[in-house]
Amino acid sequence: MTTLKLDRTLLEKRGVTLEKSANELKSYFIGIDQTIDELIDAMRVWYLMPEALTRPVIINLWGMTGVGKTDLVRRLVVALDMQDRFVEVELSNGDETKWFSSVSSVLSRNSLNDSAQKIVLFDEIQRFNTIDTEGKPLTNTKFSDFWELLSDGRLSRRDRDDLDFLLAETMRADREFAAQLKKGDIDDIPPIALYEAQHIKNALDMDEAIHEITAMSRTKLIQRIEEARVSKKIYEPVDHSKTLIIISGNLDEAFSMATRIAEADIDADIFSAFTEKVSVVDVKEALSKRFKPEQVARYGNIHLIYRSLRQADFKALIHREVTRITQNVNNLFGIKVTISKAIETIIYRNGVFPVQGVRPVFSSISDILESNLSRYILDEMMGDGKSIAIDYDPDKKCLTATLSNGRVIETPFMGRLDRARQSNLEDVVANISTHEAGHAVVYAVLFSLAPLQLVSRVASTTAAGFTFPHEIHGTKQSLVSKIKVYLAGGIAEEIVFGNDNASTGRQSDREQATSLALDFIRRFGFDEEFYANYTLSDEYVMDKSATDTDVEKMMARLEGETRELLLAWKPLLLDLSEALRLSGKVNGESMANIAKTHHLNVLVQAEGHLHVPDYAKQLEQKRNA
């Protein structure tokens with residue numbers, strides 16, 4: 001048994017490099033320090049002592065789009081100075097990967113199909129699904145060796161036929177050139193082409209550089225190929241146990257809010273709180289909808305989950321980019337540029353789509369600041385000035401640039417999303433505000449909680465709004481309460497504007513309420529008349545229509561109770577509707593303050609709060625009774 005000898009000096013040097021890399025990544029990326037720490041810890045043994053590994057280290061990065069998964073890996077590679085030992089691979093069932101049909105061929109093309117230390121990033125892995133939406137296997141023979149790599153870290157090197165073909169092709173070329181030389185058609189046998197040299201190098205795992213192979217004679221190469229053919233070693237699988245495999249992808253199934261990509265008006269902190277609750281179990285469940293069970297197991301258990309950025313993260317990112325722009329202008333032109341907080345605010349308001357990550361933010365910075373700054377710089381340079389102060393005038397709706405000579409340039413500007421919000425008709429906003437206030441009032445009364453956020457003016461060409469609740473633990477009572485909350489929006493419109501003026505905006509609410517009522521009776525057996533599960537299929541299917549009458553009775557009863565509740569709190573409904581109409585947005589604290597003036601005390605809980613009965617206290621009381 002061979003004892004592994006540790007080079008302490010080398011270990012210390014690598015340790016310093018690793019920590020330095022972590023710090024560099026944290027200084028560049030905002031809001032993902034924890035993810036960076038988890039990544040560095042997961043790869044520590046691979047980087048410090050790769051000789052101790054018997055299989056590759058597999059690290060999975062999951063998150064919504066735009067959070068910087070790919071960029072994080074690329075910058076890690078640069079920080080570790082391993083660009084020459086790194087390759088990105090996008091596996092897919094589509095035609096975009098038609099040039100390669102195996103992981104082995106991709107690694108060989110990049111001179112990485114060897115046993116040395118390397119980093120391989122498999123990006124956008126969700127496109128490589130092996131089962132369809134119904135769970136049926138897909139016919140796909142491409143990149144099947146990916147699963148071999150994840151399983152034991154070994155990749156088949158090549159078939160004997162590959163070397164036979166290479167030998168025959170090289171011998172044919174050698175004969176043809178010799179015949180041309182003999183006839184006098186050519187003065188000398190041409191050297192090996194670069195693409196031939198690359199192919200031969202990969203096929204034989206030659207240590208020589210490409211330029212050294214091109215200098216070899218074909219006779220010498222034929223000899224090397226024949227030696228490789230008779231050697232058994234050339235056919236042995238390549239051991240990739242020293243490989244760091246990073247798998248990255250977007251799993252919308254795990255991040256249930258990922259489909260709400262157009263919601264620029266939902267508080268970023270709310271999105272972040274929901275993504276913080278995504279667990280490894282959620283990830284594996286999402287993977288099971290795209291891959292076979294045995295394939296899901298091969299991903300391992302190192303799953304790093306990105307949460308979406310919080311408000312503070314987006315604001316820090318915007319400030320950093322604005323600072324970078326001003327410093328760059330100063331370095332290039334010697335002009336000091338001062339940017340007001342109002343500019344950063346308008347960038348946030350028009351550039352942050354929480355689900356889409358940072359890309360829309362960079363686009364808005366370019367649209368709002370950089371495109372206009374270039375004109376101001378030109379004017380300042382023409383006057384030999386050295387300073388520009390940029391601000392935003394909300395009354396005039398224009399950017400203002402004050403040059404060093406006192407001249408003020410006004411540029412009419414209104415953010416693209418601000419324009420969309422303002423375009424909503426006031427009467428429609430009043431209708432939406434009342435609708436959302438109805439949801440909020442019933443939610444507050446039944447759960448003693450202020451909703452996380454109410455919005456009646458959204459950045460959309462069509463007027464819309466939403467009321468964002470907390471996570472509610474499913475119980476018999478909470479299902480009933482949630483049905484009432486869904487019904488409340490349309491009923492509030494009827495109370496305030498009359499039945500004939502109630503809008504069709506209740507459609508989705510009614511669908512959700514009906515679904516909950518159906519589950520209440522058919523799935524959970526909470527109804528006193530029906531105890532069986534009426535949602536089963538195949539040989540267990542039951543007559544669902546038997547429950548229809550009870551569902552309709554339940555909806556009618558809850559409709560009446562909700563109406564009575566809203567009528568009892570009508571003054572609160574009207575005041576909250578007006579506050580929402582005027583501002584377009586009301587947070588939990590403001591809602592609680594308005595409710596307090598109507599003698600309704602509600603709690604203001606953070607985004608991650610779970611509303612659940614005090615089961616532990618009740619159990620203790622029963623035990624002590």
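The values are calculated or read from the model by the stated rules, or taken from the named source; none is laboratory data. Just so you know, these numbers come straight off a predicted model, no measurement behind them. We place every Cβ from the backbone using ideal geometry, glycine too, and count neighbours over all the protein chains shown. In case anyone asks, the SASA skips ligands and DNA or RNA and just uses the protein heavy atoms, side chains included. Shrake-Rupley method; radii C 1.70, N 1.55, O 1.52, S 1.80 Å.
If you take the residues of region 310-360 that are of a type in the set (K, R) and more than 17 Å from G31 (Cα to Cα), which of them is least open to solvent (accessible area, probe 1.4 Å)? Lay out the reasoning, then the answer.
So in region 310-360, the residues of a type in the set (K, R) come out as 310, 315, 320, 324, 336, 341, 349, 359.
Okay, now just the ones that are also more than 17 Å from G31 (Cα to Cα), so 324, 336, 341, 349.
Numbers: R324: 112, K336: 134, K341: 132, R349: 94 Å².
The residue in question is R349.
Could you tell me whether any residue of region 105-119 is within 23 Å of the chain's Cα centre (by Cα) and acidic (D, E)?
Just the residues of region 105-119 that are within 23 Å of the chain's Cα centre (by Cα), to begin with: 119.
From what is left, the residues that are acidic (D, E) are none.
No, because not a single residue in region 105-119 is within 23 Å of the chain's Cα centre (by Cα) and acidic (D, E).
Please work out if Q198 is at pLDDT 80 or above and either assigned to a helix (DSSP H, G or I) or not polar (S, T, N, Q) (or both).
Working: at pLDDT 80 or above: no; either assigned to a helix (DSSP H, G or I) or not polar (S, T, N, Q) (or both): yes.
No.
Looking at region 361-373 only, could you name the residues that are more than 23 Å from A312 (Cα to Cα) and open to solvent by 50 Å² or more (accessible area, probe 1.4 Å)?
Restricting attention to region 361-373, the residues satisfying the condition of being more than 23 Å from A312 (Cα to Cα) are 371-373.
Residue satisfying the conditions is S371 alone.
Where residues in region 188-203 are free of Cβ contacts under 8 Å to residues at least 40 places away in the same chain and touching a Leu at 6+ places or on another chain (Cβ under 8 Å), which of them is surrounded by the fewest Cβ atoms within 10 Å (Cβ to Cβ)?
By that ranking, first place goes to D188.
So that you can scan it fast, the table gives a plain yes or no per residue for (1) farther than 30 Å from S583 by Cβ; (2) open to solvent by 20 Å² or more (accessible area, probe 1.4 Å); (3) touching an Asp or Glu at 6+ places or on another chain (Cβ under 9 Å); (4) not charged (D, E, K, R):
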| site | (1), (2), (3), (4) |
| --- | --- |
| R375 | yes, yes, no, no |
| I388 | yes, no, yes, yes |
| D391 | no, yes, no, no |
| C398 | no, no, yes, yes |
| L403 | yes, no, yes, yes |
| G406 | yes, yes, no, yes |
| R416 | no, yes, yes, no |
| R419 | no, yes, no, no |
| A430 | no, yes, yes, yes |
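Could you count how many residues in region 1-59 are closer than 30 Å to Q295 by Cα, open to solvent by 70 Å² or more (accessible area, probe 1.4 Å) and β-branched (V, I, T)?
2
Which of (1) on the phi > 0 side of the Ramachandran plot; (2) not in a loop (DSSP other than H, G, I, E, B) is the odd one out, the single condition S111 does not satisfy?
Tallying (1) on the phi > 0 side of the Ramachandran plot; (2) not in a loop (DSSP other than H, G, I, E, B), S111 fails exactly one: (2).
Pick out the one residue from L558, L567 that is exposed (fewer than 13 other Cβ atoms within 10 Å of the Cβ), farther than 21 Å from V455 by Cα and at pLDDT 95 or above.
Working: L558 fails: exposed (fewer than 13 other Cβ atoms within 10 Å of the Cβ).
Going through L558, L567 in turn, just one is exposed (fewer than 13 other Cβ atoms within 10 Å of the Cβ), farther than 21 Å from V455 by Cα and at pLDDT 95 or above: L567.
So which of V87, V106 is farther than 21 Å from S27 by Cβ, in a helix (DSSP H, G or I), out of contact with any Pro (no Cβ under 8 Å at 6 or more places or on another chain) and open to solvent by less than 40 Å² (accessible area, probe 1.4 Å)? Step through it out loud before you land on a result.
On the way: V87 fails: in a helix (DSSP H, G or I).
Only one candidate passes the filter, namely V106.
Any chance you could count how many residues in region 584-611 are under 30 Å from the mean Cα position of the chain (by Cα) and surrounded by 13 or more Cβ atoms within 10 Å (Cβ to Cβ)?
Keep residues of region 584-611 that are under 30 Å from the mean Cα position of the chain (by Cα), which gives 584-589, 604-611.
Keeping just the survivors that are surrounded by 13 or more Cβ atoms within 10 Å (Cβ to Cβ) gives 584-588, 604-605, 607-609, 611.
Residues in region 584-611 being under 30 Å from the mean Cα position of the chain (by Cα) and surrounded by 13 or more Cβ atoms within 10 Å (Cβ to Cβ): 11 in total.
Rundown of residues vs (1) open to solvent by less than 50 Å² (accessible area, probe 1.4 Å); (2) at pLDDT 85 or above, yes/no style:
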residue: M171; (1), (2): no, no
residue: R175; (1), (2): no, yes
residue: K220; (1), (2): no, yes
residue: S256; (1), (2): no, no
residue: D265; (1), (2): yes, no
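Tally time: how many residues in region 267-309 are open to solvent by 50 Å² or more (accessible area, probe 1.4 Å) and either at positive phi or over 14 Å from the mean Cα position of the chain (by Cα) (or both)?
Taking region 267-309 first, the residues open to solvent by 50 Å² or more (accessible area, probe 1.4 Å) are 274, 276-277, 280-282, 284-285, 288-289, 292-294, 297-298, 301-302, 307.
Within this subset, residues satisfying the condition of being either at positive phi or over 14 Å from the mean Cα position of the chain (by Cα) (or both) are 277, 280-282, 284-285, 288-289, 292-294, 297-298, 301-302.
Matching residues across region 267-309 total 15.
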